[in-house]
Structures are given as C-alpha cells and as structure tokens.
Amino acid sequence: MDFTIQNQKDTRSGFGEGLLEAGRSNPKVVAFCADLTPSVKMADFAKEFPSRFFQTGIAEANMIDMAAGMAMSGFVPFTGTFAAFSTGRVYDQIRMCVAYSNKNVKIAASHAGLTTGEDGATHQIIEDIALMKVLPNMTVIVPCDFNQTKAATIAAAEYEGPVYLRFGRPKVPNFTPADEKFEIGKAQMLHEGTDVTIFACGHLVWKAVQALPILKEMGINAELINIHTIKPLDVEAVLKSVGKTRCVVTAEEHQRNGGLGDSIAQVLALNMPCPMEMVAVNDVFGQSGTPDELLTFFHLDTPDIVEAVKKVVGRKQ
C-alpha cells in the first residue's frame, strides 16, 4: 500500500461523515446521543435529520434501551458517547437488551484509549475491547484512520446485528484510500514481509507503518496487517501470514488482557504456536497527558514496536 498521508484528521470525524452518508442512503438509520453531540460528531446528522435524532441527555442506560426498542421496530439505531460511557456504564443494558437478543444496534464509541489525553484515567477506557468482544453476537470494529472509520460506519449501518465501533479524539495521519470498501471481518494487508508479522489496530496501525523502514534498515522484512475487525477475527489471514513468518507482534491502544493480542494468541495457541510479543498497556490505568506523551509513557510508540520485533525475531532464531 502507498502510505502517503493525505491529511491529518480525527477518526471521530470519520464516524460523523459516515453516519451522515448512511442516513442519506437509508431512511431507517436513526441516532441517539448522550449529551455529547459535537464531541462525537453527530451534529451534522442531527441538523439534516432532526426527526431521526434523539438527544437523551446524560442517561446512557436509557439511550441503549431506547435504541434496542427502535431496532425492534425495524430501524437502524446508532448510539453515541465516549467509549468509557458506551461500555462500562451501560454493560448490563448492552448485554441484556442488545447482545442477548441480537438487536441491530450500533454502539459508536468515541474518545477511546489513552489518546483521550488530558481528560485522564477516568475517561481513558482501555478495557472496552475486552468487554465487548466477550459478548456473544457482538461485532467489534477498530478502524485506523478517518477514511477507514467513515467506511466502517457505513458498513456497520448495512450489517445486520450488534456492532461496537471504536474510534478516537486526536488527529492522526489519514492514509487509507478514500474509496476503499470496508469488509467487516476481513483483515487488511498493508505490507507484505517474510520475517515477522505485525498485527495492529486503531491508532497503532500508523505507529506500525512508521516502524517498517526502521526495521528494513535492520535487515528485518516485516509484514503488517491491519486487524480492523477484532471480532469476528480473520483467522484465515492470521494463519496464512504467520505460517510464512513464524513470529508475531501485536500492537493496540488497549490493555494487554482481553484485547487484540489475546485474540491472536488464542488462535496461535490452538493452531500454530510461535514466538509472540504484545505492545499494549500492561495492567495499569491511564493518566493525564497529551496523546503523544501517553503513547510514549505507556510504551505504545513506534520504538516500542521496533523493540518488540527485535525481541521476537531473536526468539525465533
């Protein structure tokens, strides 16, 4: 893939544009927001479709229940708030009213991960992928940039079943093709290699892209795959790549426990055991700081991916 940066955009804006386009294409698409309309980029949808937008106030549990009810009436509801409030605060409602009964609700979760930044640990949820992927019937999507988030939102609107869509606050490089169709459950090959496979998701995909030329200078030919759909995981793509490289690094803006790395490790343990390293938060809460400061502090930056690759390649040898 050509890694030319088209611009710097926040992934939450990709969601906003995708939601608007989905609403224009399908009159059954409706949206709910828990008092954070500008922050989660639902304002344009609300302006264009006021009769299909519902401001629930700071009542996230009610919002999920209302969305489930609308789904029962044939609508395609999106709920929008920060990821910390989209999951932990309303887990019982998601479990019972959405996942258990397989309702067609799309849970749009903004400000995910450490890069919420200065808002601090209370708002930096880094456990949400674990919470969502363990629920039966739930699809979990973590796109990497503006274009992919827009495409993922449109795909989620067309998909039948519960979806958790995770995206973020900071502006990040926008490098995937604007016209690329998003396929739920299909991993995206970004760079082919032979020595190690890097599986990444979300904001850490670009960090992994930046690691490729550094590794090349070291004589390491890395394969990079964007796992934008954590569940259902593209097991075929995982095994095909690892069958060639025989060692793995995963990179994610999430806890090591329960995230992308855990999913990959489970597949490998059952099918193809090999050396593996995880670049992830190691069982601690976040703290206040700028997004870049936090990624560096918690060892989720490009140099950390490079070090993990060196370590795992050494283990393979």
Legend entry - Simple Cβ-charge dipole of the chain, Lys/Arg +1 and Asp/Glu -1, about Cα centre, in debye nearest 20: 500 debye
Inset, instruction - Would you work out the relative contact order for the chain, in percent, from Cα pairs under 8 angstrom that are 6 or more residues apart? - result: 18 percent
Inset, instruction - Kindly state, as a whole number, the per residue volume in cubic angstrom of the convex hull around the alpha carbon atoms of segment 188-316. - result: 96 Å³
Inset, instruction - Arrange the peptides 74-87, 235-248, 137-150 so that the one whose residues have, on average, the most other Cβ atoms within 10 Å appears first. - result: 137-150, 74-87, 235-248
Inset, instruction - For Gln266 and Glu160, compute 0.36 nm times the residue count separating them, minus their Cα-Cα distance, and round to one decimal in nm. - result: 35.5 nm
Inset, instruction - Within segment 132-157, which residues have the backbone N less than 14 Å from the label spot 7 Å out from Asn102 along Cα→beta-carbon, could you tell me? - result: 136-139
Inset, instruction - Take Cys274, project a point 7 Å from its Cα along the Cβ direction, then tell me which residues of segment 1-26 have their backbone nitrogen under 13 Å from it. - result: none
Legend entry - Of Lys9/Lys244; Lys150/Lys171; Lys181/Lys310; Lys9/Lys310; Lys9/Lys106, those spanning more than 25 Å from alpha-carbon to alpha-carbon: Lys9/Lys244; Lys181/Lys310; Lys9/Lys310
Inset, instruction - Using Cα centres only, tell me the gap between segment 44-93 and segment 261-307 in whole Å. - result: 31 Å
Inset, instruction - Take the Cα pairs of the chain, get the Kirkwood Rh, then feed it into Stokes-Einstein at 37 °C and 0.692 mPa s and tell me D in µm²/s. - result: 169 µm²/s
Legend entry - Cα-based Rg and Dmax for segment 7-174, where Dmax is the largest Cα-Cα distance (Å): 14.1, 41
Inset, instruction - State log₁₀ I(q)/I(0) for segment 37-93 at q = 0.13, 0.17, 0.18, 0.29 Å⁻¹ as given by the Debye formula over alpha-carbon point scatterers of equal weight, solvent excluded. - result: -0.32, -0.56, -0.63, -1.32
Inset, instruction - Apply the Karplus parameterisation 6.51 cos²θ - 1.76 cosθ + 1.60, with θ equal to phi minus 60°, to every residue of segment 87-94 and state each ³J(HN,Hα) to the nearest whole Hz, in sequence, with x for glycine and proline. - result: 10, x, 5, 10, 4, 5, 5, 5
Inset, instruction - Quickly estimate the mean residue ellipticity at 222 nm for the chain, helices only: each DSSP H run with n ≥ 4 gives -39500 (n - 2.57), and the total goes over all residues, rounded to 500. - result: -11000 deg cm²/dmol
Inset, instruction - With a Förster radius of 45 Å, plug the Cβ-Cβ distance of Gln210 and Ser73 into 1/(1 + (r/R0)^6) and report the FRET value to the nearest 0.05. - result: 0.45
Legend entry - Estimated inter-spin distance, Val235 and Val284, nm [label 7 Å along Cα→Cβ]: 3.6 nm
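Taken together, the values in this text are just the output of simple stated rules run on the coordinates, not laboratory data. Keep in mind it's a predicted model, so treat the numbers as computed, not measured. Cβ: placed from backbone, ideal geometry, glycine included. Neighbour counts: every protein chain shown.
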